[in-house]
Amino acid sequence: MSQLKPNSYKTGPDANGHFGLYGGRYVAETLMPLILDLERAYNEAKADPSFQAELDDFLEHYVGRPSPLYFAERLTEHFGGPKIYFKRDELNHTGAHKINNCMGQILLARRMGKTRIIAETGAGQHGVATATVAARFGLPCVVYMGEDDIKRQSPNVFRMRLLGAEVRPVSSGSRTLKDAMNEALRDWVSNVENTFYIIGTVAGPHPYPALVRDFQSVIGKEARAQMLAREGRLPDAAIACIGGGSNAMGLFYPFLDDPDVALYGVEAAGHGIETGQHAASLAGGRPGVLHGNRTYLLQDADGQIIEAHSISAGLDYPGIGPEHAWLHDMKRVNYVSATDQEALDAFQLCAKQEGIIPALEPAHALAYTGKLAKQLAKDKIILMNMCGRGDKDIFTVAERFGVKL
Amino acid sequence: MSRIARRFAELKKQNRAGFVAFITAGDPNLETSFEILKDLPAAGADVIELGMPFTDPMADGPAIQLSSLRALKAGHTMAKTLDLVRRFRTHDQTTPIVLMGYYNPIYSYGGQKFCKDASTAGIDGLIIVDLSPEEDPELRPHAKAAGLDIIRLATPTTDAKRLPAVLDGASGFLYYVSITGVTGSKDIDPISVAKALKPLKAATSLPVAVGFGIKSEADAKAVAQTADAAVVGSALVAEISRFVGKDGKLSPGAPEAVLSLVRRLAASAHGARN
């Protein structure tokens, strides 16, 4: 697709929620008035300094921001190339970047007078973060989770229940994230009056992709300032894993207009793109409409959605945020992929070299970081978003190694 | 005059409400689905809503979700949906058929080509649940060129501020979703439906069909007092479910059972104003 290079990559979405061809508001009419209300409420909140002040206060004292920028010295030596830095968003309260967005959305829900929270979750990280903020503000919370994900992420299911959330298993379709999202949308249609739907990624109907990106952009804003303070310059490359793409959008957004910072989004290649069993919607999909937005989707010739596959429940989704779809077409971000096996190797390497057990999601980003490190000179700098910690994944990894816990 | 306009004009002349029957194309398989489809008019369906199966029907309750998945499992495709209507038209040239479903299979088919092929097959209108008025300008001109009505949905959340957006570009009839919920979930409340219809009727000259939540003959009768048509879907496809075993095997009798239910529901709707 040949398009003119824009003056800025940060102007989207347009008034109707479109990023070029992508995004939009593809929802049942019952939800349309709500989505328009949400957009109004969000615009008002953005313009209200007291909203940002309240959010900043919670991010500092409850979430634990700013998260550190860490020089991964041993991995740098291991690869023998550029300096590798981790943005340590796995050190946030609840162990992943997800809470940045949940905190923003629940403050918005309170502002709108909503009294009930729903969410969907894949790996359980977004579910845990949602259950956490719902507990903190005393709001009842229902989390939809695919039955297959409940099995592979049992510690997170128990955490959500401890936090007082109701976890509703979803047995339809592929019993993973996409089906949990269908079920959350069904709940929302049924409880429009009092319910706020905290979407966990930069997808869904407008204004969600922009709203989640804005709340997650704290990652990139901090990292950019930290890197300038530390190295006196910007990184040469920034790398993040992508399921729906919220941690990646949050990292990339503040760097979009820095032409010298190459951006890499790492999709999950599952058993390999060529096998068809993967979750790489940009590499293996084409534009379509699902869950409220137009974006790249894994689908068959007849427009039926194909089930994604990834060892990482958080990346196991057949779509991707619409802004990523646009950045892909504009060629501003390079979208690459890592297989289950490559992620597992990176997972172990990181644990042994850095004493950090990463979540399987950022293990995909780390796998690509290793590849890129081999191509770049020693005076270069790579910034990788360590968006989640791996405690939740030890059962999945143990099973893969044939170890009984 | 379109088939839809003609049918609603006839109903008005007879001072009776219409009955709209929803089934999913290809459910539980192509042939059974055709057997049901071809006899729906004789059983009392004034308009037929034919569901286009989709893997992720997020506005539908369990009954229609399952019917969609049964059709897909049996190998159903969009081309087969159009074929089904083409075959139906060799028996029946007057009963309007409206396709109902989600946008992605249409987008994947290609909007312009789809509208042309659907119209040629004998389809009269489209209800695309997740294609909001904000997003449908990309399809509307193709539908119009092909003579297909775009049927819009109004819901209990459609307030006076929202209604003009819903009605702008609406044609054929207006579909009032009588509950805030997915298909077949909550029970319909005829009193609040009658109340909700007043501002709709005042704002549009289009006929108003009411659906989502009509389960029984009593519901159909109550809705038909005030609406121009009553739509039943989940109850019909749930009837098909009763003939599908856990192993997916179909036992005989599904078409007769569905058609018999249609006869009872249609009779209730048709007789409501007597």
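The values are calculated or read from the model by the stated rules, or taken from the named source; none is laboratory data. Everything numeric in this text was worked out from a predicted model, so none of it was measured. Here Cβ is always computed from backbone atoms with ideal geometry, including for glycine, and neighbour counts include all displayed protein chains. Just so you know, the surface numbers come from the protein's heavy atoms only, side chains and all, with ligands and any DNA or RNA stripped out. Shrake-Rupley method; radii C 1.70, N 1.55, O 1.52, S 1.80 Å.
Of all residues in the range B:144-166 being closer than 16 Å to B:Y102 by Cβ and more than 9 Å from chain A (Cβ to nearest Cβ), which is farthest from the chain's Cα centre (by Cα)? Step through it out loud before you land on a result.
Initial filter on the range B:144-166 (closer than 16 Å to B:Y102 by Cβ): B:150-153.
So of that shortlist, the ones also more than 9 Å from chain A (Cβ to nearest Cβ) come out as B:150-151.
Details: B:I150: 12, B:I151: 10 Å.
Out of the qualifying residues, it is B:I150.
Please determine, by comparing only the residues of the range A:282-335 that are among the acidic types (D, E) and surrounded by 24 or more Cβ atoms within 10 Å (Cβ to Cβ), which one is modelled with the highest pLDDT. Walk me through it before giving the result.
Step one: filter the range A:282-335 for residues among the acidic types (D, E), giving A:300, A:302, A:307, A:316, A:323, A:329.
Those still in the list that are surrounded by 24 or more Cβ atoms within 10 Å (Cβ to Cβ) too: A:316, A:323.
On the way: A:D316: 88, A:E323: 98.
My answer is A:E323.
Filter the range A:295-312 down to the residues that are hydrophobic (A, V, I, L, M, F, W, C) and in contact with a Leu (Cβ under 7 Å, 6 or more places away or on another chain), then identify the one that is nearest to the other protein chains (Cβ to nearest Cβ). So that I can check it myself, show each step before the final result.
Of the residues in the range A:295-312, the ones hydrophobic (A, V, I, L, M, F, W, C) are A:297-298, A:301, A:305-306, A:308, A:311.
Next, from what is left, pick out any that are in contact with a Leu (Cβ under 7 Å, 6 or more places away or on another chain): A:297, A:305-306, A:308, A:311.
Values: A:L297: 7, A:I305: 5, A:I306: 8, A:A308: 12, A:I311: 23 Å.
My answer is A:I305.
Say whether the condition of being surrounded by 20 or more Cβ atoms within 10 Å (Cβ to Cβ), among the hydroxyl-bearing types (S, T, Y), in a loop (DSSP other than H, G, I, E, B) and touching a strand residue (DSSP E or B) at 6+ places or on another chain (Cβ under 7 Å) is met by at least one residue in the range A:116-138. Step through it out loud before you land on a result.
Here is the first cut: in the range A:116-138, the residues surrounded by 20 or more Cβ atoms within 10 Å (Cβ to Cβ) are A:117-134.
Narrowing further to those that are among the hydroxyl-bearing types (S, T, Y): A:121, A:130, A:132.
Now narrow it down to the ones that are in a loop (DSSP other than H, G, I, E, B): none.
There is no residue in the range A:116-138 that is surrounded by 20 or more Cβ atoms within 10 Å (Cβ to Cβ), among the hydroxyl-bearing types (S, T, Y), in a loop (DSSP other than H, G, I, E, B) and touching a strand residue (DSSP E or B) at 6+ places or on another chain (Cβ under 7 Å).
Residue-wise test of (1) more than 21 Å from A:H278 (Cα to Cα); (2) small (G, A, S); (3) in contact with a strand residue (DSSP E or B) (Cβ under 7 Å, 6 or more places away or on another chain).
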{"site": "A:Y335", "(1), (2), (3)": "no, no, yes"}
{"site": "A:L349", "(1), (2), (3)": "yes, no, no"}
{"site": "A:E354", "(1), (2), (3)": "yes, no, no"}
{"site": "A:A365", "(1), (2), (3)": "no, yes, yes"}
{"site": "A:Q375", "(1), (2), (3)": "yes, no, no"}
{"site": "A:K378", "(1), (2), (3)": "yes, no, no"}
{"site": "A:D391", "(1), (2), (3)": "yes, no, no"}
{"site": "A:F401", "(1), (2), (3)": "no, no, no"}
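Would you say B:Y176 is within 19 Å of the chain's Cα centre (by Cα), within 14 Å of chain A (Cβ to nearest Cβ) and not β-branched (V, I, T)?
On the way: within 19 Å of the chain's Cα centre (by Cα): yes; within 14 Å of chain A (Cβ to nearest Cβ): yes; not β-branched (V, I, T): yes.
The answer is yes for B:Y176.
With the range B:1-116 as the region, which helices (runs of 4 or more DSSP H) entirely inside it contain at least 2 residues that are touching a helix residue (DSSP H, G or I) at 6+ places or on another chain (Cβ under 7 Å) and in contact (Cβ under 8 Å) with a residue 60 or more places away in the chain?
On the way: elements: B:3-13, B:30-43, B:62-73, B:78-89, B:103-109.
Once the helices (runs of 4 or more DSSP H) in the range B:1-116 are filtered for at least 2 residues that are touching a helix residue (DSSP H, G or I) at 6+ places or on another chain (Cβ under 7 Å) and in contact (Cβ under 8 Å) with a residue 60 or more places away in the chain, what remains is B:30-43, B:62-73.
Residue by residue through the range B:98-116, note down the ones that are within 14 Å of another protein chain (Cβ to nearest Cβ), within 19 Å of the chain's Cα centre (by Cα) and more than 19 Å from A:R294 (Cα to Cα). Spell out the reasoning first.
Step one: list which residues in the range B:98-116 are within 14 Å of another protein chain (Cβ to nearest Cβ), which gives B:99-111, B:113-114.
Imposing the further condition that a residue be within 19 Å of the chain's Cα centre (by Cα) reduces the set to B:99-106, B:114.
Within the range B:98-116, B:L99, B:M100 meet the criteria.
Failed condition for B:G248, given (1) under 23 Å from A:V189 (Cβ atoms); (2) surrounded by fewer than 24 Cβ atoms within 10 Å (Cβ to Cβ), with all others met?
(1)
Name the single residue that is nearest to the other protein chains (Cβ to nearest Cβ) among those in the range A:266-281 being outside any loop (DSSP other than H, G, I, E, B) and within 16 Å of the chain's Cα centre (by Cα).
Step one: list which residues in the range A:266-281 are outside any loop (DSSP other than H, G, I, E, B), which gives A:266-270, A:272-275, A:277, A:281.
Applying the additional criterion that residues be within 16 Å of the chain's Cα centre (by Cα) yields A:266-268, A:281.
Details: A:V266: 25, A:E267: 20, A:A268: 20, A:S281: 13 Å.
The qualifying residue nearest to the other protein chains (Cβ to nearest Cβ) is A:S281.
Pull up the range A:282-294, narrow it to residues that are more than 11 Å from chain B (Cβ to nearest Cβ) and touching a residue at least 40 places away in the same chain (Cβ under 8 Å), then point me to the one that is farthest from B:D56 (Cα to Cα). First the steps, then the outcome.
Restricting attention to the range A:282-294, the residues satisfying the condition of being more than 11 Å from chain B (Cβ to nearest Cβ) are A:282-285.
If we keep only those that are touching a residue at least 40 places away in the same chain (Cβ under 8 Å) as well, we get A:282-283.
Values: A:L282: 20, A:A283: 22 Å.
The residue in question is A:A283.
With A:K98, A:K46, A:K5 as the choices, which residue is open to solvent by 70 Å² or more (accessible area, probe 1.4 Å), in contact (Cβ under 8 Å) with a residue 60 or more places away in the chain and closer than 20 Å to A:I198 by Cβ?
On the way: A:K98 fails: open to solvent by 70 Å² or more (accessible area, probe 1.4 Å); A:K5 fails: closer than 20 Å to A:I198 by Cβ.
Residue meeting the stated conditions: A:K46.
Just to be sure I understand, how many residues within the range B:70-81 are surrounded by fewer than 21 Cβ atoms within 10 Å (Cβ to Cβ) and either away from chain A (no Cβ under 12 Å) or of a type in the set (D, E, K, R) (or both)?
The total comes to 3.
Which of the residues that make up the range B:38-73 are under 27 Å from B:A9 (Cα atoms) and among the small types (G, A, S)?
Those that are under 27 Å from B:A9 (Cα atoms) and among the small types (G, A, S): B:A42, B:A43, B:G44, B:A45, B:G51.
If I filter the range B:227-243 for residues that are open to solvent by 10 Å² or more (accessible area, probe 1.4 Å), among the polar types (S, T, N, Q) and under 27 Å from A:D187 (Cβ atoms), do I get at least one hit?
Yes, the range B:227-243 contains a residue that is open to solvent by 10 Å² or more (accessible area, probe 1.4 Å), among the polar types (S, T, N, Q) and under 27 Å from A:D187 (Cβ atoms).
Does the range A:215-223 contain at least one residue that is under 16 Å from A:H291 (Cα atoms), in contact with a helix residue (DSSP H, G or I) (Cβ under 8 Å, 6 or more places away or on another chain) and more than 9 Å from chain B (Cβ to nearest Cβ)? So that I can check it myself, show each step before the final result.
Our first condition is that a residue be under 16 Å from A:H291 (Cα atoms); within the range A:215-223, this holds for none.
Scanning the range A:215-223 turns up no residue that is under 16 Å from A:H291 (Cα atoms), in contact with a helix residue (DSSP H, G or I) (Cβ under 8 Å, 6 or more places away or on another chain) and more than 9 Å from chain B (Cβ to nearest Cβ).
Restricting to the range B:137-186, and then to whatever is open to solvent by less than 30 Å² (accessible area, probe 1.4 Å), part of a loop (DSSP other than H, G, I, E, B) and of a type in the set (D, E, K, R), can you tell me which residue is farthest from B:D60 (Cα to Cα)?
Residue satisfying both the conditions and the ranking: B:R162.
Can you list the helices (runs of 4 or more DSSP H) lying wholly within the range A:1-81 that have 1 or more residues being more than 14 Å from chain B (Cβ to nearest Cβ), β-branched (V, I, T) and within 30 Å of A:T94 (Cα to Cα)?
Numbers: elements: A:32-46, A:49-58, A:73-79.
Per the criteria, A:73-79.
Hey, B:S67 hits all of (1) open to solvent by less than 10 Å² (accessible area, probe 1.4 Å); (2) under 20 Å from B:Y175 (Cα atoms) but one; which does it fall short on?
For B:S67, the failing item is (2).
Would you please name the residue that is surrounded by the most Cβ atoms within 10 Å (Cβ to Cβ), looking only at residues in the range A:64-81 that are of a type in the set (A, V, I, L, M, F, W, C) and closer than 18 Å to A:A229 by Cα?
Restricting attention to the range A:64-81, the residues satisfying the condition of being of a type in the set (A, V, I, L, M, F, W, C) are A:69, A:71-72, A:75, A:79.
Then keep just the ones that are closer than 18 Å to A:A229 by Cα; that gives A:69, A:71-72.
Working: A:L69: 20, A:F71: 15, A:A72: 22.
For the range A:64-81, the residue satisfying everything is A:A72.
Given (1) over 21 Å from B:F54 (Cα atoms); (2) over 15 Å from the mean Cα position of the chain (by Cα); (3) more than 13 Å from chain A (Cβ to nearest Cβ); (4) open to solvent by less than 20 Å² (accessible area, probe 1.4 Å), identify the lone condition not met by B:T90.
Going through (1) over 21 Å from B:F54 (Cα atoms); (2) over 15 Å from the mean Cα position of the chain (by Cα); (3) more than 13 Å from chain A (Cβ to nearest Cβ); (4) open to solvent by less than 20 Å² (accessible area, probe 1.4 Å) one by one, B:T90 breaks only (4).
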